[in-house]
Amino acid sequence: MKKGFLWIGIIAIILLIIGGGMWGTYNSLVTKSQVIDGQWAQVETQYQRRFDLIPNLVNSVKGYMTQEKTIFDNLADARSRYAGATTPDEKAIAGGEVEAAIARLLVVMENYPDLRSIEAITSLMDELSGTENRISVERRKYNEAVRDYNTAIKTFPRNMLAGMFGFTEREYFKSVSGADQVPKVEF
């Protein structure tokens, strides 16, 4: 009788250890997944800051550069595509299109020295530049969170539990095709 209770106690302790490990692993993976979602929200916050600045910059510059209407149209179109994007991948692609349009605008502005000397435009450009840096930092943090999560779900023994609980690999933020090319502006 005592041996029976001893074996039941040993089995109960083993089940508690295994259950506690599974519980801890599950909670750890949920936490890492939430960090990724939170970090993506930070990326979107910086995108929104950029999009809030763009109309002010465009309106400030528009009066001085009416002949560059296509650049402003492209910027507005890219901004609209971002607003209509629903997934992180779609938003990353649309964000890249906005970046390309902003880069073309910056190149054009460099060719107009009078335009650069206007205080409001200079201030907006500084804000936009700061925002671009913030976006870069937040994207890096997002990719670090994705790396940590993906590593966690691929390492043994978490990989078995991750599959069992439905945790799948997350996508890194990737730049859009052609982002490594300098934008061309022709007059």
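Here is how the numbers come out for the structure above:
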| read-out | value |
| --- | --- |
| Candidate set: region 126-173, residues that are among the polar types (S, T, N, Q) and within 11 Å of the chain's Cα centre (by Cα); chosen: the one modelled with the highest pLDDT | Asn143 |
| Every pair of residues 6+ apart whose Cβ atoms lie under 6 Å, when the first sits in region 147-163 and is part of a helix (DSSP H, G or I) while the second is small (Gly, Ala, Ser) | Ile153/Ala162; Arg158/Ala152 |
| Residue ID - surrounded by the fewest Cβ atoms within 10 Å (Cβ to Cβ), chosen from residues in region 30-45 that are within 8 Å of the chain's Cα centre (by Cα) and of a type in the set (A, V, I, L, M) | Ala41 |
| Residues that are surrounded by fewer than 10 Cβ atoms within 10 Å (Cβ to Cβ) and either of a type outside the set (Phe, Trp, Tyr) or at positive phi (or both), drawn from region 1-15 | Met1, Lys2, Lys3, Gly4 |
| Candidates Ile10, Ile17, filtered to the one that is β-branched (Val, Ile, Thr), over 26 Å from Ala152 (Cα atoms) and without any contact (Cβ under 8 Å) to a residue 40 or more places away in the chain | Ile10 |
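The values are calculated or read from the model by the stated rules, or taken from the named source; none is laboratory data. Just so it is clear, the structure is predicted and the values come from calculations on it, not from any experiment. As a convention, Cβ positions derive from the backbone with ideal geometry for all residues, glycine included, and neighbour counts pool all protein chains shown.
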